[in-house]
1. To the nearest 500 deg cm²/dmol, what mean residue ellipticity at 222 nm is calculated for the chain from DSSP H runs of n ≥ 4 alone, each contributing -39,500 (n - 2.57), summed and divided by the residues?
2. Find how much the distance from residue 85 to residue 160 grows on full extension, using 0.36 nm per residue of separation minus their present alpha carbon separation; answer in nm with one decimal.
3. Can you give me the distance in nm between label points at residue 336 and residue 487, each placed 7 Å from the Cα along the Cα-to-Cβ direction?
4. How far is helix 119-128 tilted, in degrees, relative to the longest principal axis of the Cα atoms in the chain, given as a value from 0 to 90 rounded to the nearest 10?
5. What ranking, highest mean first, results for peptides 460-467, 350-357 when packing means the other Cβ atoms within 10 Å averaged over each residue?
6. Quick check: the angle from helix 100-113's long axis to the longest principal axis of the chain, C-alpha only, nearest 10 degrees?
7. Along Cα→Cβ, 7 Å out, is where each label goes; now give me the distance between the ones at residue 389 and residue 370 in nm to one decimal.
8. Distance between Cα centroids, segment 331-369 to segment 182-245: provide it in whole Å.
């Protein structure tokens with residue numbers, strides 16, 4: 001009996017050595033103290049982050065190094081801190097239009113520059129790890145908010161040939177520091193769900209394969225364990241919204257090759273969250289995820305993670321529309337049919353690069369019962385019809401501005417005619433489409449066309465949809481962010 005009590009006492013005192021005291025909740029609650037307020041939109045450019053990088057040079061915690069230059073001559077920089085034996089490498093915006101993690105990295109720099117209640121955590125982390133960040137690996141793509149570099153090359157398919165300066169820089173850094181872990185920070189489509197559930201895949205993780213057989217060696221196994229820690233901790237904030245990216249082997253990709261080269265490669269994909277177009281909430285989640293992962297590695301918490309849990313993370317499925325209209329009636333040659341309509345809002349860059357607008361499209365029609373929408377409308381008993389073109393032509397935009405748009409939308413008009421070409425912008429700041437300069441145009445409902453239609457209930461117009469946005473005729477609720485100019 002005495003011996004049994006001694007064993008129990010030993011276990012009780014030993015337990016704290018293995019307890020995993022993650023600080024994810026504290027990171028979540030205190031994030032506002034570190035958010036970099038000069039970056040508020042996802043279309044961040046190289047010239048905006050350079051002053052923030054230069055500012056770090058004045059802080060002895062950070063080492064700033066220019067690694068080289070992009071095809072168009074923009075600097076690619078690395079920020080390092082810590083003096084621990086374990087090296088960790090993180091790089092963001094390999095694809096120029098995937099900037100969520102870039103925003104979060106500058107929040108993280110603010111976190112490490114601060115002095116507050118996290119000081120003991122920082123001190124321990126930086127004594128165990130040496131952390132290297134490459135924010136904005138593809139500054140030329142970021143400049144125009146496009147995926148590829150200046151020569152239209154997907155840098156994440158250049159890990160084998162290493163033809164381009166951006167790719168060569170990343171490979172050279174990996175070889176020179178030989179990090180134990182690398183974090184490949186991306187954005188994915190907002191159309192993904194976490195498995196087949198009606199929840200967006202707001203974050204997705206992947207431990208990439210390094211061969212077609214998807215072998216799990218020690219390097220990949222450690223990566224999976226880190227991801228299990230991330231899944232457990234981030235699920236506290238976005239339960240059901242975390243997916244697992246496909247692990248099909250891609251021999252040209254950096255993540256896959258990192259594992260082959262001996263670096264555990266953690267892929268983090270930032271997806272969609274309702275009403276978070278600028279991805280500011282997902283930016284916060286990246287901040288938490290990265291710091292949590294660094295804590296896992298520093299404290300070696302990942303070594304105790306159950307690797308089998310990795311396979312239970314639901315795989316991404318592409319099952320989301322921006323809006324799903326369900327159970328509509330459509331008439332064709334005196335017959336009526338029931339269909340669903342999936343509408344997506346696609347972002348388009350303004351001509352002056354000052355921002356973006358939306359272009360609504362009918363992406364799918366038919367039985368969409370296996371799909372979901374960020375917004376869903378059950379339209380049982382309602383009929384869909386093409387939007388209407390207002391019969392009167394206008395001579396100037398000023399004339400159009402004087403109209404009562406709520407009345408026009410209530411009557412089902414989705415298009416106006418303007419018999420001049422006084423504007424060159426494709427986007428429009430009014431809640432109705434404009435047909436310019438007597439352009440021949442006929443409103444119709446078809447797959448792939450603009451999402452402009454009306455939905456009637458008991459022969460009265462219930463909803464008017466303009467460019468994928470909805471006007472509710474009953475409540476006069478207008479959610480139309482922008483219409484289009486039809487040339």
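Read-outs throughout are calculated quantities, based only on the coordinates presented, and are distinct from any laboratory measurement. Quick caveat, the model's predicted, so the values are computed rather than measured. Here Cβ is always computed from backbone atoms with ideal geometry, including for glycine, and neighbour counts include all displayed protein chains.
1. On the way: 12 runs with 134 residues, N = 487.
-8500 deg cm²/dmol, from helical runs alone.
2. Result: 24.1 nm gained on full extension.
3. 4.2
4. Helix 119-128 sits roughly 70 degrees off the main axis of the chain.
5. Going from most to least packed, we get 460-467, 350-357.
6. 40
7. Result: 3.9 nm between the two label points.
8. Comparing the Cα centres of segment 331-369 and segment 182-245, I get a distance of 29 Å.
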